1. As an exercise, use a Förster radius of 35 Å and the Cβ-Cβ distance of L253 and E164 to find the FRET efficiency, rounded to the nearest 0.05.
2. What are the ³J(HN,Hα) couplings of the range 298-306, residue after residue, when phi is run through the Karplus curve with 6.51, -1.76, 1.60 and θ = phi - 60°? Round to Hz, x for glycine and proline.
3. Hey, what angle do you get for helix 163-172 against the long axis of the chain, alpha-carbon based, 0 to 90 degrees rounded to 10?
4. Roughly what % of DSSP beta bridges within the range 3-254 run antiparallel, to the nearest 5?
5. Among I3, N116, P94, whose Cα sits farthest toward the positive end of the charge dipole of the range 1-154 (+1 at Cβ of Lys/Arg, -1 at Cβ of Asp/Glu, about the Cα centre)?
6. Can you give the charge dipole size of the chain about its Cα centre, rounded to the nearest 20 debye, using +1 on the beta carbon of Lys and Arg and -1 on the beta carbon of Asp and Glu?
7. Going by how many other beta carbons lie within 10 Å of each one, how would you line up W212, W192, fewest first?
8. Can you list the residues, at least 5 places off or on another chain, whose amide H is less than 5 Å from the amide H of D180, using H built in the peptide plane?
Amino acid sequence: MIISDLVRDNVKKMKKYASAREEFKGEAKIFLDANENSFGSSSNEELNRYPEPIPIQLRKKLADYKKINDPEKIFLGNGSDEAIDLVMRAFCEPREDSIMLLPPTYGMYSVCANVNDLDIIQVNLNPDFSLNVKKIIQQAKDEKPKLIIICTPNNPSGNVYRNEDIEEILNNVPSLVLIDEAYIDFSSKTSWLERLDEFKNLIVIQTFSKAWGMAGIRLGMAFADKEIIDILNKIKYPYNINDVTTHIVLETLNDTSKKEDMVSKIIIERAYLMKEIAKIDILNEVLPSEANFFLARFNEAKKVYAFLKEQGIVVRDRSEQLHCEGCLRITVGRREENDMLLDALRQYSEEDQS
């Protein structure tokens, strides 16, 4: 696959914005180039200078941690959503190109496609939430979407896809394939980062929002061939990652034990919550999950949702999504939160039967 053939013509022709710091070569003594406030910051932090256009040290540290052989294969974005949006903007011509989605899946994919005025080809998952591989490949060959997005573990279903199915897709479509691994740390499956160099058309997305517990800092990562990453950096806003975020993540990467401990606790709580909730009479089914959430199928999901809302317990009603009839999506919480949910569901069940 020749990546440059997929890039929008205007993106190929455009000149990248170069900040003052990028143009300067040498050792600086004073900075009078970027119209910053040289007297300091109104906060107690030293935030009067613009951040690096690309946080070089952070990319190197992430490359070491993720075992990526070249830091320039990493894009850092304001959440994963920025990377998803930039991929569409770089490669998909508005009102001409299309992307392929595999419902039910993460809703922001279609939002980004709509914002970028792209057609959406939908190939539904099978009723067991597995990939319809033959149909994906055939429609990709027929309709030639620029991008196929695969979320694994999938949101909202929580399942992972077979490696051989994804490999077959990667090898047989004329498209970029973006694998969203927001929940990979909670899964028994290994990341597709291990095979990044095997596929020119592979983009892997990860985030600091879930396993790392840092949704508030808004840092997402895209991993791909250097040619793809260079294109994303060409069209991104100059200072998309702020210094506070960079500092926090660098400190976190110095000691990743807390993250590993949190992941272990979440997996333990997931098993506990899924086991206990399955005992409640109003449950029809608890679907398997390799994420930090799961789907629970209820007799009357909307009534259960309304009851939990009255108790101040917020879950996600997914009952109107494809294959999710009667389902609420439940995020795994701390033990005391999980017990509060279980108590509320038991109360509803008792009242429902009385």
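Laboratory data are not the source of any read-out in this text; all were calculated from the coordinates shown. Remember, it's a predicted structure, so these values are computed and weren't measured experimentally. Ideal geometry is used to build each Cβ from the backbone, glycine not excepted, and the neighbour counts take in all protein chains shown.
1. 0.60
2. 3J(HN,Hα) across the range 298-306, in whole Hz: 10, 4, 9, 4, 5, 5, 5, 4, 5.
3. 50 degrees
4. Restricted to the range 3-254, the bridges split so that about 40 percent are antiparallel.
5. I3
6. Dipole magnitude for the chain comes out near 560 debye.
7. With the sparsest Cβ surroundings first, the list reads W212, W192.
8. Excluding prolines and chain starts, which carry no amide H, the hits are I150, C151, T152, I205.
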